[in-house]
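Right, one structure below, let's go through it.
The values are calculated or read from the model by the stated rules, or taken from the named source; none is laboratory data. The shown structure was predicted, so the numbers you read here are calculated from the model rather than taken from an experiment. Methodologically, a virtual Cβ is constructed for each residue, glycine included, from the backbone with ideal geometry; neighbour enumeration extends over all protein chains shown.
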Amino acid sequence: MSVVIASLCFATYALGGDVGGKVSFAGTPPKAARLQMGADAVCMKQHKEPAYSQDVIVNKNGTLKNVLIYVKDGLGGKTYEPPKEKVVFDQKGCMYSPHVLGIQVGQELEVVNDDPTLHNVHSLSKVNPQFNFGQPKQGMKFTRKFDKPETFKVKCEVHSWMNAYIGVFNHPFFAVTGDDGSFNLKNLPPGTYTIEAWHEKYGTQAAKVTVDAAGKKTVEFKFAAK
């Protein structure tokens, strides 16, 4: 009997709740700036149609893309092992892909040059050591890990229009909104948390949420045109 009770207790402790929702956009979306790639013929050839800035992308359903969602507070002193899977940060068509990404402390970031032209990858991190490397050949790769949480910009010194953002977290509870503006933070331990939404142009918003074991809570964020 005691063995069964111990097993049940462990199962209950292992259960976690999900926090999901979407990030909507209010107002008239700003007109995206066309990227001027004329300085590099290789970049121009890779785009049959004009390429545009990714700093504000409003989806067809009125939601906002590239919003970083994460647990800001509430995890206490819990520690989490980093995933063994690498996060790939690509340079394709002379643009960074993804434009916004999240990664865990200690997890490997693989930076890839998919273009047949020179790229430079310069992190503007302040808490973690900066890196600033050239990748002159297609297919070149290098990897990096981060020791501390922070969100920072990455830019290319060769192509001025290229920029992206990386969010580093000491836990796995983060997500980036995509083409439908939704997010889902899975298996949060029961507790009360501050969930924060970050956008490169519109700043941050926060919401409090209490998560029950195996439950699901919904959080909605809305950013407005300036």
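The table below gives the values:
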item: Residue match in segment 51-59 (condition: free of Cβ contacts under 8 Å to residues at least 24 places away in the same chain, closer than 19 Å to K155 by Cα and surrounded by fewer than 17 Cβ atoms within 10 Å (Cβ to Cβ)); result: yes
item: Residues of segment 85-114 classified as part of a loop (DSSP other than H, G, I, E, B) and either within 18 Å of S160 (Cβ to Cβ) or in contact with a His (Cβ under 7 Å, 6 or more places away or on another chain) (or both), total; result: 3
item: So A39, is it over 30 Å from G191 (Cα atoms) and under 25 Å from the mean Cα position of the chain (by Cα); result: no
item: Where A164 falls short, out of the listed (1) among the small types (G, A, S); (2) under 18 Å from S97 (Cα atoms); (3) surrounded by fewer than 19 Cβ atoms within 10 Å (Cβ to Cβ); result: (3)
item: Selection count where residues are of a type outside the set (A, V, I, L, M), surrounded by 10 or more Cβ atoms within 10 Å (Cβ to Cβ) and within 16 Å of the chain's Cα centre (by Cα), scope segment 76-90; result: 5
item: Any hit, segment 4-15, residues being of a type in the set (A, V, I, L, M, F, W, C) and modelled with pLDDT of 95 or more; result: no
item: Residue list for segment 44-75, filter: outside any loop (DSSP other than H, G, I, E, B) and farther than 16 Å from A225 by Cα; result: M44, K45, Y52, L68, I69, Y70, V71, K72, D73
item: Residues that are assigned to a strand (DSSP E or B) and buried (at least 19 other Cβ atoms within 10 Å of the Cβ), drawn from segment 176-218; result: V176, F183, L185, L188, Y193, I195, A197, W198, H199, V209, V211
item: Some residue of segment 146-160 being closer than 28 Å to G74 by Cβ and either aliphatic (A, V, I, L, M) or crowded, with 18+ Cβ neighbours inside 10 Å (or both); result: yes
item: Boolean, T117 is outside any loop (DSSP other than H, G, I, E, B) and either more than 30 Å from D212 (Cα to Cα) or in contact with a Lys or Arg (Cβ under 9 Å, 6 or more places away or on another chain) (or both); result: no
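One line per residue, one yes/no per condition, for (1) acidic (D, E); (2) in contact with a Phe, Trp or Tyr (Cβ under 6 Å, 6 or more places away or on another chain); (3) at pLDDT 95 or above:
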{"site": "M95", "(1), (2), (3)": "no, no, yes"}
{"site": "I103", "(1), (2), (3)": "no, no, yes"}
{"site": "E108", "(1), (2), (3)": "yes, no, yes"}
{"site": "N113", "(1), (2), (3)": "no, no, yes"}
{"site": "Q135", "(1), (2), (3)": "no, no, yes"}
{"site": "K145", "(1), (2), (3)": "no, no, yes"}
{"site": "K148", "(1), (2), (3)": "no, no, yes"}
{"site": "K153", "(1), (2), (3)": "no, yes, yes"}
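Residue-by-condition table, conditions (1) under 27 Å from F131 (Cα atoms); (2) of a type in the set (S, T, Y); (3) touching a residue at least 12 places away in the same chain (Cβ under 8 Å); (4) surrounded by fewer than 18 Cβ atoms within 10 Å (Cβ to Cβ):
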| residue | (1), (2), (3), (4) |
| --- | --- |
| S24 | no, yes, yes, yes |
| A33 | no, no, yes, yes |
| I69 | yes, no, yes, no |
| V111 | yes, no, yes, no |
| H119 | yes, no, yes, no |
